[in-house]
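Only one structure is covered here, and it is reproduced in the block below.
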Amino acid sequence: MKTHSTRLIIGNWKMNPQSEASAVSLYKDIARTSAKRKGVSLAIAAPFVFIPALAHSDKKKSIVLCAQDASAEPSGAHTGSISLPMLKSYGVSMVIIGHSERRAAGETDEQVEQKAKAALKAGMAAVVCVGERARDKQGDYFGFVQGQVRSVLHELPKAHLRRLTIAYEPIWAIGTGNTATPEDVQEMKLFIQKCIADSCGRAAVSQVKIIYGGSVDPENALSLLEAGNADGFLVGGASLKAAAFNRIIEISSTYATA
Ligand code: PGA
């Protein structure tokens, strides 16, 4: 199956760092060394409150601004929520949807579906996270991931597929140091591609990027690209250390352009 030559690398800062000054400094350290790497599309998912400062500090728009969530509602009485138009007004063009930490806080497949569809309809790129809590010997976790993927693809307009990315993030690998093996990643990528083909037709498969997240670091990045065939990474912990994140980007660029 066709893979994507450009790798998508997203730094998911989660609820870090703790000040605007630290956020801008980290962002600049990443932009300075890695923003122009060939073969890599680079995005940072910063906390909402830092987005205006990051947008202001990056006049060249060398890094894609990504949000960690967004409301499916366009406006109105939704205390604490942030709308897609608000994000767009700051140049945000990508949104992570359904991260397992949000699903653990109560977000349902239905809400993930609505948010992803709203983001895609608004012309944004949507990065929808899927992944099992644990693996069982019978392989029931495949059915679990299939349910999450199918729900997002349900009646999705075909024209929106090319802005959709699926991030396979097994929960047992997030922040634990227990990375999935390249074989696990390759197998799940093929499985997700089969789900896409079943729901949207074979032509849809090459339009959707399938990236991996869960304890990605400079040591495991190359094998996850080479043997895992990941279209990129969603990086949590390592994206808060400029040196480690820049190294992951460099490895991905070298691999993509080799
Ligand atoms: P991690 O987080 O790289 O720290 O495991 C990944 C994520 O949750 O997106």
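The values are calculated or read from the model by the stated rules, or taken from the named source; none is laboratory data. Every value quoted in this text rests on a predicted model; they were computed, and no experiment measured them. All Cβ positions, glycine included, derive from the backbone under ideal geometry; neighbour counts span all protein chains shown. Each accessible area value is taken on the protein alone, full model and side chains, heavy atoms only, with ligands, DNA and RNA left out. Shrake-Rupley method; radii C 1.70, N 1.55, O 1.52, S 1.80 Å.
A full extension of the chain between PHE144 and ALA227 corresponds to an added length of 27.5 nm, given 0.36 nm per residue minus the alpha carbon distance.
Ignoring aspartates and glutamates fewer than eight residues from LYS28 along the same chain, the ones with Cα atoms less than 17 angstrom from its Cα are GLU20, ASP58, GLU250.
In the chain, the portion of solvent-accessible area held by carbon and sulfur atoms comes to 53 percent [1.4 Å probe, whole percent, DNA, RNA and ligands not counted]. Relative intensity of region 73-128 on a log10 scale, I(q)/I(0) at q = 0.19 Å⁻¹, equals -0.67, per a Debye sum over C-alpha point scatterers of equal strength in the absence of solvent.
Looking at this model, which pairs from LYS61/LYS194; LYS38/LYS241; LYS60/LYS115 are more than 31 angstrom apart at the alpha-carbon? Cα-Cα > 31 Å for LYS61/LYS194; rest within.
Once the convex hull of all Cα atoms in region 180-256 is built, its volume per residue stands at 84 Å³.
Calculated FRET efficiency, ARG202 to GLN18, Cβ-Cβ distance, R0 = 41 Å: about 0.30 to the nearest 0.05.
Add +1 for every Lys or Arg and -1 for every Asp or Glu among the other residues with Cβ under 13 Å from the Cβ of ASN246, and state the total. Charge balance in the 13 Å sphere: +3. In this structure the chain gives 45 Å² per residue of accessible area when probed at 1.4 Å with all protein chains present. For all pairs of alpha-carbon atoms in region 87-160, what percent lies in each bin of width 5 Å, listed from the first bin to the last filled one? All Cα pairs considered, the percentages come to 3, 16, 25, 22, 17, 10, 5, 2, 1, 0. Ligands, DNA and RNA aside, ARG150 has an accessible area near 120 Å² when probed at 1.4 Å.
The modelled label-to-label distance between LEU190 and LYS61, using points 7 Å beyond Cα along the C-beta direction, is 4.0 nm.
Relative to the Cα centre, the charge distribution of the chain, modelled as +1 at Lys and Arg Cβ and -1 at Asp and Glu Cβ, gives a dipole magnitude of about 1020 debye. Under conditions of 37 °C and 0.692 mPa s, the chain yields 180 µm² s⁻¹ as its translational diffusion coefficient, taking Rh as the Kirkwood radius over Cα pairs in the Stokes-Einstein equation.
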